[in-house]
Amino acid sequence: MRFETEVANINKDLRINEQILRGPRETRVRDVRVIDENGQALGIMNVRDALALAQEKGLDLIEVAPMAQPPVCRIGDYGRIKYEQTKREREQQRKQRQQGEVKDVRIDPRSGMISDHDLQIKVKNIARFLQEGNKVKVTFRFIGRGITRPELGKQTMERIVQQLADCAQVERPPVLEGKQLIMILSPKTSA
């Protein structure tokens, strides 16, 4: 099992075949731990013997964990391993993008209160963002002398929370910051 996790953490700059034998003196190694193409550990052997074994099978000897003692090498198709590595990286980036986003919805009332239809559109967008698994930052911006009536913004925020009660939970209640009232909603967790 330990070898599989080491193989999963493949370096971006893999050394293959003769590159393992040659190079700067501090990176040359004599013995390596070898894993075959099926993921089975073959044990520790001389680099030249491991290279001969890989060439005998028509595959490459790929150094996957150069910092381990002794370094771990895998027998396999270099192109395939490189492809799988880039595929894993793309998948991780996609997951990271999906989970960590905070969407921003701004409410800019021009006459103090926002109309029901405009609010419904904002609520619909917030619900869509929450269903995608994102957090939503709702910002109510006070314009001109509107800051003298912060209770209007709080009422609007309460209406949003009531309409989204089934799919959202308030992570941060409405807080007045300058001329903005800010609230953060997150998807409701099923517990």
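When residue 87 is tested against the conditions (1) over 29 Å from residue 29 (Cα atoms); (2) touching a residue at least 40 places away in the same chain (Cβ under 8 Å), the lone failure is (2). If you go through segment 58-70 and keep only what is closer than 20 Å to residue 81 by Cα and either surrounded by fewer than 13 Cβ atoms within 10 Å (Cβ to Cβ) or among the β-branched types (Val, Ile, Thr) (or both), you end up with 58, 62, 64, 67. In segment 73-191, counting only helices (runs of 4 or more DSSP H) that sit wholly within it, the ones holding 3 or more residues that are open to solvent by less than 80 Å² (accessible area, probe 1.4 Å) and closer than 30 Å to residue 46 by Cα span 78-99. So, residue 8, is that one farther than 30 Å from residue 184 by Cα, surrounded by fewer than 14 Cβ atoms within 10 Å (Cβ to Cβ), hydrophobic (A, V, I, L, M, F, W, C) and at pLDDT below 75 or not? So residue 8 fits the description; yes.
Here residue 86 clears all of (1) closer than 30 Å to residue 59 by Cα; (2) over 28 Å from the mean Cα position of the chain (by Cα); (3) not aliphatic (A, V, I, L, M) except the condition numbered (2). When residue 33 is tested against (1) open to solvent by less than 50 Å² (accessible area, probe 1.4 Å); (2) modelled with pLDDT under 90; (3) not aliphatic (A, V, I, L, M), only condition (2) is not met. Would you point out the residue of segment 58-67, among those that are at pLDDT below 85 and assigned to a strand (DSSP E or B), that is nearest to residue 16 (Cα to Cα)? Restricting to residues being at pLDDT below 85 and assigned to a strand (DSSP E or B), the top hit is 64.
Scanning segment 43-57 for residues that are open to solvent by less than 70 Å² (accessible area, probe 1.4 Å) and within 12 Å of residue 18 (Cα to Cα) turns up 47, 50, 51, 52, 54.
The numbered conditions (1) touching a residue at least 40 places away in the same chain (Cβ under 8 Å); (2) in contact with a helix residue (DSSP H, G or I) (Cβ under 9 Å, 6 or more places away or on another chain); (3) outside any helix (DSSP H, G or I) are all true for residue 70 except (2).
When each of 40, 19 is tested for being open to solvent by 70 Å² or more (accessible area, probe 1.4 Å), at pLDDT 70 or above and over 14 Å from residue 78 (Cβ atoms), the lone residue that passes is 40.
The values are calculated or read from the model by the stated rules, or taken from the named source; none is laboratory data. Being a predicted model, the structure only gives us computed values, none of them experimental. Backbone-built Cβ (ideal geometry, glycine too); neighbour counts: all protein chains shown. All accessible areas refer to the heavy atoms of the entire protein, side chains included, with ligands and DNA or RNA removed. Shrake-Rupley method; radii C 1.70, N 1.55, O 1.52, S 1.80 Å.
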